[in-house]
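First the structure, in the form of C-alpha cells, and then the observations on it.
Just so it is clear, none of the values below were taken in a lab; they were calculated from the coordinates. Nothing here was measured: the structure is a model prediction, and the numbers come from that model. Ideal geometry is used to build each Cβ from the backbone, glycine not excepted, and the neighbour counts take in all protein chains shown.
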Amino acid sequence: MLTGQIKKGDDYGIFKKCISISVLDFILFDNEKYKSYYSSYHMTEDRDQRKFNDLLEFHIIELPKIPEDSMGVIFEMLSAFLYSLVAIIENVASGKLHPFKAVFYSFLLGWS
C-alpha cells in the first residue's frame, strides 16, 4: 500500500498510514515464550527503540491462544470491529464518505 502512494520525485510527506491487521487461525509465535494472543508492531531503531515513523503498523491476533472463557467476548468485539471497518471502506470506495471523515470515525471508534 505504501509504494502505490508515491511516484518518482514525490515528497515522502505525502504517505498515508498503512495498518495491517492479521487474524490468524494458527500460532505464529512460540506459545511458551510469547503467551499473548495479541501483538502490535511498529518500526523502531534496534538499540534505543526510537520510533522511525508512524506510517506502518502491524497488529496480529492469534486465535488459538485466546482462552476459551474469553472467546465469546473477543469474537463479539472482533465482529463489531470488522463490520465497522468494512462499512467505512465501502463508503469511502463508493464516494459516500471522504477519506478524512473515515480517519475521524476510526478515531471515534478507538482505532488510533
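If r is the Cβ-Cβ distance from Ile14 to Tyr38 and R0 is 41 Å, what FRET efficiency results, to the nearest 0.05?
Approximately 0.85, to the nearest 0.05.
Would you mind calculating the gained length between Lys96 and Gln49 on full extension (0.36 nm times residue separation, minus the Cα-Cα distance), in nm to one decimal?
Taking 0.36 nm per residue and subtracting the Cα distance, the gain is 12.9 nm.
Full extension from Glu68 to Leu28: what is 0.36 nm times the residue separation minus their Cα-Cα distance, to one decimal in nm?
12.5 nm
Which FRET efficiency value, to the nearest 0.05, do you get for Lys7 and Ala80 by plugging their Cβ-Cβ distance into 1/(1 + (r/R0)^6) with R0 = 41 Å?
FRET efficiency, Lys7 to Ala80: 0.65.
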